1. Tell me, please, whether a residue that is free of Cβ contacts under 8 Å to residues at least 24 places away in the same chain, surrounded by 14 or more Cβ atoms within 10 Å (Cβ to Cβ) and outside the structural domain of residue 13 (by TED's automatic domain parsing) can be found in region 113-126.
2. Please work out which one of (1) touching a strand residue (DSSP E or B) at 6+ places or on another chain (Cβ under 8 Å); (2) touching a residue at least 40 places away in the same chain (Cβ under 8 Å) is the condition residue 14 fails and give its number.
3. Yes or no: residue 129 within 16 Å of the chain's Cα centre (by Cα), assigned to a strand (DSSP E or B) and either surrounded by fewer than 18 Cβ atoms within 10 Å (Cβ to Cβ) or in contact (Cβ under 8 Å) with a residue 12 or more places away in the chain (or both)?
4. Looking for whichever is farther than 26 Å from residue 130 by Cα and in contact with a helix residue (DSSP H, G or I) (Cβ under 7 Å, 6 or more places away or on another chain) here; the options are 42, 6, 75. Which one fits?
5. Please specify each residue of region 138-156 satisfying the condition of being surrounded by fewer than 21 Cβ atoms within 10 Å (Cβ to Cβ) and in contact with a helix residue (DSSP H, G or I) (Cβ under 9 Å, 6 or more places away or on another chain).
């Protein structure tokens with residue numbers, strides 16, 4: 001699969017570095033750094049695009065400026081891309097209204113487009129745009145990417161006697177690499193502490209999703225991202241956690 005990643009800063013570069021380090025060997029990943037300054041309304045996209053861009057099957061938009069979304073239809077035409085993943089890890093970078101417009105523009109071109117909010121909500125069949133709001137999609141290129149990067153999926157192994165985590169295999173990493181980082185640090189952690197420890201590690205990485213309150217969630221996208229990872233781990237360690245029973249009038253055991 002030929003991939004063109006569009007970045008404008010450290011946020012996107014971290015994603016690209018992780019994809020290059022851990023993506024399938026048969027993927028070809030090229031990078032285009034978008035202009036750092038764009039006008040509020042782009043009348044002539046060609047003025048802000050390079051003379052040539054490499055052919056691509058899938059576009060990954062990790063830009064930190066809403067104007068880049070207006071360039072994506074033209075980039076898709078220039079590269080021949082058939083699918084687009086436009087990350088929404090901050091409303092300032094890709095507002096919900098513009099994300100909806102982008103999906104419509106590309107759909108009219110016959111190009112599949114997903115706008116996962118946050119980016120690590122992407123699975124092989126759907127993605128989130130708000131609390132209890134998921135959009136299904138059907139595109140083999142996006143699904144192929146999401147098999148490897150998107151909503152974190154770890155396979156946790158716990159020793160039933162010691163109740164310590166003995167291994168944490170990464171089935172699907174977050175695009176930024178946070179899930180892989182957490183998995184490496186969880187080995188040796190008690191099942192009782194795994195969920196809390198995962199949350200702390202997620203913040204220490206650190207997650208680059210927005211820390212401002214997002215109105216679609218009533219929470220920060222950083223917290224939503226952390227909860228996706230913690231929930232994946234919590235389901236697996238639950239059978240091994242020590243359960244405390246409290247009986248009125250006696251000490252807890």
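1. no
2. Here residue 14 clears every test but (1).
3. Taking the combined requirement at face value, the residue satisfies it.
4. Just a single option satisfies the conditions, and that option is 42.
5. 148, 153, 155
The values are calculated or read from the model by the stated rules, or taken from the named source; none is laboratory data. Please read all numbers here as calculations on a predicted model, not as lab measurements. Cβ: placed from backbone, ideal geometry, glycine included. Neighbour counts: every protein chain shown.
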